[in-house]
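Everything on this sheet refers to the single structure shown next.
The values are calculated or read from the model by the stated rules, or taken from the named source; none is laboratory data. Quick caveat: nothing in here was measured; it's all calculated off a predicted structure. Methodologically, a virtual Cβ is constructed for each residue, glycine included, from the backbone with ideal geometry; neighbour enumeration extends over all protein chains shown.
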Amino acid sequence: MPRQSNPSSETRDAAPQTGKIRRLHLPQKLRNLELFLLIIACGINLGAVVLVQLGALGQIDTTLVLLGASLSGLVFAMHIVLRFVAREADPFILPIATLLNGIGIAMIYRIDIANAESGWESAAVRQTVWSGLAIACAIAVILIIRNHRVLFRYTYVAGFVGVVLLLLPLVPGLGREVSGARVWIGFGNFATFQPGEIAKIALAVFFAGYLVRNRDSLSMVGKKFLGMRFPRLRDLGPILVVWALSMSVIIFQRDLGTALLYFGLFLVMLYLATGRLSWVLLGLSLFLGGALIASQTLDYVNGRFTNWLDALNPNVYDADGGSYQLVQGLFGLAKGGLIGTGWGQGRPELTPVPQSDYIIASLGEEIGLAGLFAILAMYLLFVARGFRIGFAGQDDFGKLLGVGLSFVVALQCFIVIGGVTRVIPLTGLTTPFLAAGGSSLVANWIIAALLLRLSDTVRNQPRLVV
Amino acid sequence: MNPSELTLLVLRLGFLLVLWLFIFGIVYALRSDLFGQRVRKLATPAPAPAAAGAPFATPPPAPVPAGAFAQAPSASASAPTEQFSRPQSAPPVSSGPEKATTQTATRLVITSGPKAGTEFPLGSEPITIGRSSDSSLVIRDDYTSTHHARLMLWHDDWMVQDLDSTNGTFLDGKRLAVPTSVPLNTTVKIGATSFELRR
């Protein structure tokens, strides 16, 4: 498409004319704001680790503090890269991601202390190394992808990669099953990875590109019914394919959360592209129907529903695979109260997997409702920045991609935190940036990098101020 | 040297406080997104728009007399518009107003308002107009909405769409209700500013 590549060269032509004025008015204002916020975020991260040590050990141990400092160094490296290659990128995304990541590491470290793990055994050290790797990936993405429109060319490649990554854990010999869900791949005994986390980025790119190309047939025609325009039967193909895909994730990978994540992502992007509520209704009823059938026929889905609805029943609580974990998490949250027990002074290790799926309950216990709301506010701001990029965007692909990527973070938060707090049935997903897990960190940092890139290319330089 | 209960309590509260200060810091930095740009009062019209717009002002095309740009700001709001549009629209008048397409329209010229006489090149990207600083054409006066209108391309034709603005967008004096294609050299009026698309 010649017209797609045209705008970038055009803005370059216009740059010499506005260059002088831009330099006069904007001396990297956004980047300086980002630097300021980053310094605060790194300070809070350091404070969290120090408070954990004071609370749990009673003294300050410098080794992990040094490790955290090296991570801060990498974040500042990313900031400097942004100064050169994405001057107009959003100034809030990087500090928020840094802070969430750091709080996560502090919490994981706190649980390591409780379990008396250290060195490479300890999840905190591994998480720190993974964070370093993830930030390095983010820097690479910023450096390689100079304009998000490049991704538009690889729409179908991205779709293919996404589906392959999604199905990879089903390959015999490569896939690994961890606590029932077959969503991992591993080589030998080490380096397990959850390819589905990366798949969500590839699928967001694919959905955005596909919907920009085909939305006319999905939005223009159809019969009116109940005040809404419903699509024609033959246009239902894409939604049925994605529905079948997510249902197969439920059946073969036994992972409810991932399925909900992908389907929700597609539905939101479809709604965004067509502006028709009927798609949402259609999609939701399809998914609810599927989930209802699954809950009747599949044991593990049925168990999740029982644990959710009847959590405090002693029989369910004591049953194997019962609601023990869920209720322990709730007890932890209750113990935390309004301001928490303080870093290092609660007992979050009593809940199974307190550092990954249940990190929100652990945090709720130690920093309380006030801290938990602060974390939720950070997610809110992160997602709102993504939506803002979609709103300010000029090209439809960028709009869809920006909103899709940030919505996937929002939905993932809702699924995990909603599960832990017993709003919806519990399904295992990682809390973005916080929870222990390398693949999730890498995926979310790449999302942050893509949002930064989008906000830079999308941010409209005023051509003229009257 | 175990820290005392009180120290830990103070540190705990301090941590939460700093965490919330961080969040309020971000929200404070975002305030223009939430509440819109500050309005500039129209009471003091910029006295020297020609100087301010100097980098943009290019030599006018042949049919327009060179002195016309200098007169523009001092004249009343609507007068210079006609002054500009007449000489240019005269030749194609036999075939009705010509549509502005990516081929025919190359620049957007401000014809009235504080920055009358300035212009910038049109590309093939849509142009947003409004008070918010992320608009392509930022118009900061009392009559402009944050996201007021936009110029977009429909099969290479320039269309203007009003984005539910409070005070409306006027194409050749008529308030817009639906996206309408913009002919060349026809005035689009937003607030106290009007502009034209030109060859």
Point to revise | Condition check for A:SER439: touching a strand residue (DSSP E or B) at 6+ places or on another chain (Cβ under 8 Å), assigned to a helix (DSSP H, G or I), farther than 21 Å from B:SER132 by Cα and more than 14 Å from chain B (Cβ to nearest Cβ) | key: yes
Review point. What number of residues within the range B:108-148 are hydroxyl-bearing (Ser, Thr, Tyr), assigned to a loop (DSSP other than H, G, I, E, B) and within 8 Å of another protein chain (Cβ to nearest Cβ)?
Key: 5
**Study point:** In the range A:247-265, the residues that are farther than 18 Å from A:ILE424 by Cβ and in contact (Cβ under 8 Å) with a residue 60 or more places away in the chain
**Key:** A:PHE252, A:GLN253
Check your understanding: Can you find a residue in the range A:328-336 that is at pLDDT 85 or above, within 14 Å of chain B (Cβ to nearest Cβ) and within 23 Å of A:ILE103 (Cβ to Cβ)?
Key -> yes
Practice item. Return yes or no: is A:LEU211 more than 30 Å from A:ALA48 (Cα to Cα) and in contact with a Phe, Trp or Tyr (Cβ under 8 Å, 6 or more places away or on another chain)? Key: no
Check your understanding: Among A:LEU369, A:LEU405, which is more than 25 Å from A:ALA199 (Cβ to Cβ), in a helix (DSSP H, G or I) and of a type outside the set (Asp, Glu)?
Key -> A:LEU369
Practice item. Kindly indicate which of A:GLY332, A:GLY342 is over 17 Å from A:GLY257 (Cα atoms), crowded, with 16+ Cβ neighbours inside 10 Å and in contact with a Leu (Cβ under 6 Å, 6 or more places away or on another chain). Key: A:GLY342
Check your understanding: A:LEU464 passes all but one of (1) under 25 Å from B:VAL18 (Cα atoms); (2) within 12 Å of another protein chain (Cβ to nearest Cβ); which number fails?
Key -> (1)
Check your understanding: If we scan the range A:439-448, do we find a residue that is surrounded by fewer than 24 Cβ atoms within 10 Å (Cβ to Cβ), aliphatic (A, V, I, L, M) and within 24 Å of A:SER362 (Cβ to Cβ)?
Key -> yes
Check your understanding: How many residues does the range A:132-164 contain that are farther than 30 Å from A:ALA69 by Cβ and surrounded by 21 or more Cβ atoms within 10 Å (Cβ to Cβ)?
Key -> 5
Check your understanding: Restricting the range A:345-372 to residues that are free of Cβ contacts under 8 Å to residues at least 60 places away in the same chain and at the interface with chain B (Cβ under 9 Å from one of its Cβ atoms), which is surrounded by the fewest Cβ atoms within 10 Å (Cβ to Cβ)?
Key -> A:ALA370
Check your understanding: With respect to B:SER165, is the statement that it is surrounded by 16 or more Cβ atoms within 10 Å (Cβ to Cβ) and within 14 Å of another protein chain (Cβ to nearest Cβ) true?
Key -> no
Point to revise | Residue list for the range B:149-191, restricted to those being of a type in the set (S, T, N, Q) and in a loop (DSSP other than H, G, I, E, B) | key: B:SER165, B:THR166, B:ASN167, B:ASN185, B:THR186, B:THR187
Review point. Has the range A:183-206 got any residue that is at pLDDT 80 or above and more than 18 Å from A:VAL164 (Cα to Cα)?
Key: no
Check your understanding: Residues that are in contact with a helix residue (DSSP H, G or I) (Cβ under 8 Å, 6 or more places away or on another chain) and of a type outside the set (A, V, I, L, M): which helices (runs of 4 or more DSSP H) entirely in the range A:232-343 hold 3 or more of them?
Key -> A:237-248, A:256-274, A:277-297, A:299-309, A:324-336
Check your understanding: Of all residues in the range A:58-76, how many are of a type in the set (A, V, I, L, M) and at pLDDT below 80?
Key -> 4
Exercise for review: Please give the number of the condition A:PRO425 fails out of (1) in a helix (DSSP H, G or I); (2) over 21 Å from A:GLN355 (Cβ atoms); (3) away from every other protein chain (no Cβ under 14 Å).
Suggested key: (1)
Point to revise | Looking only at the range A:34-65, and only at residues there that are within 10 Å of chain B (Cβ to nearest Cβ) and of a type in the set (Gly, Ala, Ser), the one that is surrounded by the fewest Cβ atoms within 10 Å (Cβ to Cβ) | key: A:GLY58
